[in-house]
Structure formats: C-alpha cells, structure tokens
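Worksheet: the structure to be examined is printed underneath.
The values are calculated or read from the model by the stated rules, or taken from the named source; none is laboratory data. Bear in mind the structure is a predicted one, so any value in this text is a computation, not a measurement. For neighbour counting, all protein chains shown are included, and Cβ atoms are generated from backbone atoms with ideal geometry for every residue, glycine included. All accessible areas refer to the heavy atoms of the entire protein, side chains included, with ligands and DNA or RNA removed. Shrake-Rupley method; radii C 1.70, N 1.55, O 1.52, S 1.80 Å.
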Amino acid sequence: MTNYFPPGDWFKQSGEAALSAMREPALWRDTSIEGYSRRSRLLVVPSFQAPYAIRIDQPLGDLPEAHFVETDGMGGYDPGRVASRERGFLEGEIIAALQDHIREARLGERLVEPEPGKDDFGNPSPDAYQSVWLDGAKVIFEDRTVEGYALVSRSDGDLDAALKVLAQVFLSARGAAQR
C-alpha cells in the first residue's frame, strides 16, 4: 500500500485506505511536485458515508485542473471503490482564491492534529479541543509546493472559520470545473 502521509500520523489508516481506493497520488513525497507549481487536496472521510477528495493541480505551463473522486464506501469503516470521477480545468480566479485562502488558513503553521490544551498553532489555550468526537467526518487538507508540504487533519466539528472557508473554496473549484 502507498504511504499517503508522512510516518507517525495516527489518522493515516482511514485516510490512506480512502486515498488508495480512489487511486489518488501521494502528495507529501518530494517527487509529487515534479511538473507542478502546486498540488492541493481536501479529503473528507465521514464515519458512515462515501469518502470523497477534491484535488487541485497546477501544472507548470498548463491550465489548472480540479479532480473529484468519490467512492461507494462507508467512510472510515469501508473505503469502497471508485463510484464517481470528474476532472475539469479551472479559471485563474478560483486558483487565486485557493492560494489566498490557503495562506489565510496558515496550513503550514498549524498542528497536524489537535492537541489537548493547545490551539491550532500549538499555543497554550485552556479551552482548546475540549470536545469529544464520537462520529462525524475526518477532514484532511494537504498543500504541496516546491517550498514544502502542509498537512492538517481535523474532525468536522473542529474546523475553525478559516478552514471552513478553505473547504468551501475546494467545493467551489469542483463546481467551477464541472461547467
């Protein structure tokens, strides 16, 4: 099985199973950026519904593309098989919005996973992540550029405003590419 995330991340199992079922590329490896200026992905793995991913590739010297893939699985319990795959080209304004919101969300500065008593950026915070996550969706953001790789994983209930907006930009990119 392909290693889709750097070693040591506990959430790897359901995310890697979903990405493997989707036949998606691993973005964290240095070789994944060859031929691209940026590759970004939103992966959503619900507990009992079909996982999906939206990947935005910005090839060098070519039009940016949005890739959407969804399985027929049951989220973290069964990744399933590819049920739907879509691909389309994107306009510059969507790419500009994506880059702006990745910058505003500060993906590269956030903790990969929440830690008790700390905010998203590792600062002490007495009321950070006090909730108990029983079910919902695991939401994983990845951003790969020549400068490096950023990975942020949260439950859907722990998304702050910047991450919610970034997720909406990914969903907008999928809609724009369908036109």
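Annotations for the structure displayed:
- PHE89 meets the stated requirement of being in contact (Cβ under 8 Å) with a residue 24 or more places away in the chain, among the aromatic types (Phe, Trp, Tyr) and over 20 Å from LEU19 (Cβ atoms).
- Annotation: LEU27 fulfils all but one of (1) assigned to a loop (DSSP other than H, G, I, E, B); (2) over 17 Å from GLY148 (Cα atoms); the unmet one is (2).
- Test: residue in region 53-60 that is of a type in the set (D, E, K, R), within 12 Å of ALA173 (Cβ to Cβ) and modelled with pLDDT of 95 or more: yes
- Region 144-164: number of residues that are of a type in the set (Gly, Ala, Ser), exposed (fewer than 15 other Cβ atoms within 10 Å of the Cβ) and either in contact with a helix residue (DSSP H, G or I) (Cβ under 8 Å, 6 or more places away or on another chain) or assigned to a loop (DSSP other than H, G, I, E, B) (or both): 1
- Only one of ARG85, ARG106 that is open to solvent by 70 Å² or more (accessible area, probe 1.4 Å), under 17 Å from the mean Cα position of the chain (by Cα) and more than 25 Å from LYS164 (Cβ to Cβ): ARG85
- Selection count where residues are assigned to a loop (DSSP other than H, G, I, E, B), of a type outside the set (A, V, I, L, M) and either open to solvent by 10 Å² or more (accessible area, probe 1.4 Å) or within 18 Å of TRP28 (Cα to Cα) (or both), scope region 49-72: 5
- Flag not set for ILE94, criterion: under 22 Å from VAL165 (Cβ atoms), in a strand (DSSP E or B) and either open to solvent by less than 40 Å² (accessible area, probe 1.4 Å) or touching a residue at least 24 places away in the same chain (Cβ under 8 Å) (or both).
- Verdict on GLU34 being open to solvent by 50 Å² or more (accessible area, probe 1.4 Å), free of Cβ contacts under 8 Å to residues at least 12 places away in the same chain and not basic (Lys, Arg): yes
Listed here are the residues, each with its yes/no results for (1) open to solvent by less than 30 Å² (accessible area, probe 1.4 Å); (2) at pLDDT below 90; (3) not in a loop (DSSP other than H, G, I, E, B).
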site: ILE102; (1), (2), (3): yes, no, yes
site: VAL112; (1), (2), (3): no, yes, no
site: PRO126; (1), (2), (3): no, yes, no
site: VAL139; (1), (2), (3): yes, no, yes
site: GLU142; (1), (2), (3): yes, no, yes
site: LEU166; (1), (2), (3): yes, no, yes
site: ARG174; (1), (2), (3): no, yes, yes
site: ALA177; (1), (2), (3): yes, yes, yes
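- The conditions of being over 19 Å from GLY80 (Cα atoms), surrounded by 17 or more Cβ atoms within 10 Å (Cβ to Cβ), out of contact with any Gly (no Cβ under 6 Å at 6 or more places or on another chain) and modelled with pLDDT under 90 are met by PHE5.
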